[in-house]
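*Asks:* First, the structure itself, so that you have it in front of you.
Nothing in this text is a laboratory measurement; each read-out follows from the coordinates by a stated rule. Note that the coordinates shown come from a computational prediction; the quantities given were computed from them, not determined experimentally. Here the Cβ is made from the backbone with ideal geometry for all residues, glycine too, and neighbour counts use every protein chain on show.
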Amino acid sequence: MKNFILFIFLIGFLACSTEEQRQESLIQKGYQSLDRGQTKQAFNYFQSAIDINNENASAWNGLGVTHYQDGHPYEAVQAFGKAVQYKTDYTRAYFNRSNAFYQTGEYYRALDDLEPVLEAYQDSAFAHLAKGLALVGLKNYEEAEESFLTALELDAENAEIHTNLAAVAYYQKEYEGAIKYLDNALELNPNEANAWNLLALVQSEQDNFEKALESVNKAIALQAGQPYFLNNRGYIYTFLGEFDKAYSDLRKSIVSDEKNPFVYRNLGILALKKGDYTGATRQLENALEKRNDLPSTHFYLGETLRLNDQLKEACIAYKASAELQETKGIEAFQKYCND
């Protein structure tokens, strides 16, 4: 009888061991599929592992990465949440969920998830970079710059960090500082597409649209079809007077990313330049519905309304632009609305 009980125990132990091995094999295959960009297969592997043991943190983390790579950050947040629920010190899952929160615009929650990561890995340039990005999302540019500079101390030859320091300078209208960081980024990595795109934006602010076109074309050559780059080129084409090319790029951009308010703003500016005040008003108001503090949008709405003989309404738009501390809005309000 004693031997029979031992036999039953061994059978149960071996079965358990076999199930664990199968689960680990599925998880390994899932991550290998992710490395090959095969997210559908990865999803199936991770889900199968979860079906065996619903509390396997590694499987949930892999499922979160799969959702993230598929462009589903909300689903990724849920999966990463399961990972840290079942393994509370799982710093990789906290870091991954922080990135997903960043994509959903939940910047405070992104920062919260980075705390345990930075406690465990104070010398991680990537963690400080991620913190800086979340702070930029909150428009806390001073602290964002501090985080990026810390990251730069840890990884001085990282072109992405230089590019993000340039972005902070750009948002604060410090264009010469932005160009300095972008020059560094492109010297380190001439194929840094985001640096070329940002350089185009800086050059546009300086009204150097010919140079801006050269820069954004380099970005698009590196990442063909990227909707943000197409949107920016459409904007540049508008100010170069190439309206058909501008419209083509903006329509391509909006098909890929219909939630981007900048595309609607730029379609409004294009309509304004073509003298279509009704279309311009519609697009600019659409952009402001998506984001009421969208840069220069109130100003261009004011210009549209003024040129359409709606001065009273134009002054309301100019005032909104001035309240955002936009130089053109302040000047327009002083010029047209003092009476």
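*Asks:* Can you work out the FRET efficiency for the pair Y175 and D276, with r the C-beta to C-beta distance and R0 = 22 Å, to the nearest 0.05?
*Replies:* 0.10
*Asks:* What's the Cα-based Rg to Rh of the range 220-339, Rh via Kirkwood? The partial results should precede the final answer.
*Replies:* Numbers: Rg = 14.5 Å, Rh = 14.4 Å.
Using Cα coordinates only, the ratio equals 1.01.
*Asks:* Looking at the chain as a GNM with Cα springs under 10 Å, which of E115, E323, E214 has the largest mean-square fluctuation?
*Replies:* Among E115, E323, E214, the largest mean-square fluctuation in the Gaussian network model of the chain belongs to E323.
*Asks:* Oh, and also: Rounded, prolate or oblate: which fits the range 122-207, taking a ≥ b ≥ c as square roots of the Cα gyration tensor eigenvalues, rounded meaning a/c under 1.5, else prolate when a/b beats b/c?
*Replies:* Oblate, since a/c reaches 1.5 and b/c is not below a/b.
*Asks:* Sorting check: for 139-151, 96-108, 325-337, which peptide has the highest mean count of neighbouring beta carbons within 10 Å, and how do the rest follow?
*Replies:* Packing order, densest peptide first, comes out as 96-108, 139-151, 325-337.
*Asks:* Two decimals is fine: what's Rg over Rh for the range 279-339, C-alpha atoms, Kirkwood radius as Rh?
*Replies:* Computed over Cα atoms, the ratio is 0.94.
*Asks:* Which pairs in the list K139/K290; K259/K312; K252/K312; K245/K335; K211/K245; K40/K218 are over 24 Å apart, alpha-carbon to alpha-carbon?
*Replies:* Distance filter (> 24 Å) returns K259/K312; K252/K312; K245/K335; K40/K218.
*Asks:* Right, next: Averaging the inverse of every distinct alpha carbon separation and then flipping it gives the Kirkwood radius. What is it for the chain, in angstrom units?
*Replies:* For the chain, inverting the mean 1/r across all distinct Cα pairs yields 22.9 Å.
*Asks:* Just to confirm the number: angle between the C-alpha axis of helix 311-323 and the first principal axis of the chain, 0 to 90 degrees, nearest 10?
*Replies:* Its long axis makes an angle of about 50 degrees.
*Asks:* List the extent of the Cα atoms of the range 21-178 along each of their three principal axes, largest first, rounded to whole Å.
*Replies:* 56, 29, 26
*Asks:* Which whole-angstrom value gives the distance between the alpha carbon centres of the range 21-56 and the range 171-200?
*Replies:* 39
*Asks:* Something else about it: What's the center-to-center distance, using Cα atoms, between the range 120-162 and the range 284-326 in Å?
*Replies:* 34
*Asks:* Aspartates and glutamates near K328 by alpha-carbon distance under 13 Å, same-chain residues fewer than 8 away left out - which ones?
*Replies:* E205, E303
*Asks:* Could you identify which residue out of T278, T163, T297 has the top mean-square fluctuation in a GNM of the chain using Cα springs shorter than 10 Å?
*Replies:* Looking only at T278, T163, T297, the largest GNM fluctuation is found for T278.
*Asks:* When we measure straight from the Cα of K87, which aspartates and glutamates land under 15 angstrom away, once same-chain ones fewer than 8 places off are left out?
*Replies:* E55, D113
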